[in-house]
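Engineer: Mind having a look at this structure? Questions to follow.
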Amino acid sequence: MVQPVDIVGERLVSFLPNLRRFAISLCRARDVADDLVQQTCERALAAAASFDPETRFDAWVFRILRNLWLDQLRRQKTAGPAVDIDEMHDLSVASGEAQSEARLALERVETALQGLPPEQREVLVLVCIEELSYRDAADLLEIPVGTVMSRLARGRKALSELTGINPEARRSSP
């Protein structure tokens, strides 16, 4: 008989890249994000019996991660400063012009994304990168769907302005 912890464990393993992306978007430090993902896995495995297979696994585990992050933020108010992802110089880039240009473009987008208000950044990551529905993102963030849509629209607009992308230029006129 398959135990709930086995089901959750299997899903967690395949979902680790998604958790790590979301964790990095929240805390902006890879080492902190890795610790957050590990804590999330521990908490999810400990609570495996409470997972309802009829619900979305990704929303459940993202909520665990986000709650852990919020707890950590509360604790950090009395602690010292965190390491910023921009200070991580151990990132390597493959040689070649195309890869270098792609890395620079990605860094511009990442910088722009980190410059957004946390509310917009969370919604953008959950909906555009992690592909949660508006409803699932709203449930996870405990806000109305309309607020998700509003934050997403403002976040997309701000991101396009910060990166120099002009979506209006690519649209054809009627």
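We did not get these values from a lab; they are worked out from the coordinates using the rules stated. In this text, all values refer to a predicted model and were calculated from it rather than measured experimentally. Positions of Cβ are generated from backbone atoms using ideal geometry, with glycine treated the same way; all protein chains shown enter the neighbour counts.
Engineer: Of ALA153, ILE129, ALA105, whose Cα points farthest to the positive end of the dipole of the range 96-166 (charges on the beta-carbon: +1 Lys, Arg; -1 Asp, Glu; origin at the Cα centre)?
Structural biologist: ALA153
Engineer: Report, in debye and to the nearest 20, how large the dipole of the range 96-166 comes out about its Cα centre when Lys and Arg carry +1 and Asp and Glu carry -1 on their Cβ.
Structural biologist: 280 debye
Engineer: With θ taken as phi - 60° and the coefficients 6.51, -1.76 and 1.60, list the Karplus ³J(HN,Hα) couplings across the range 36-44 in order, rounded to whole Hz; mark glycine and proline as x.
Structural biologist: 5, 5, 4, 5, 4, 4, 4, 5, 5
Engineer: Continuing with this model, one more query. Output ³J(HN,Hα) for the range 128-142: one whole-Hz value per residue in order, computed from phi by the Karplus curve 6.51 cos²θ - 1.76 cosθ + 1.60 with θ = phi - 60°, and x for Gly and Pro.
Structural biologist: 7, 9, 8, 6, 6, 6, 4, 5, 5, 5, 4, 5, 4, 8, 6
Engineer: Hey, got a sec? Which GluC sites (Glu not before Pro) in the range 7-73 land in a DSSP loop and have at most 14 other Cβ atoms within 10 Å?
Structural biologist: Within the range 7-73, the qualifying GluC sites (Glu not before Pro) (loop, at most 14 other Cβ atoms within 10 Å) are GLU54.
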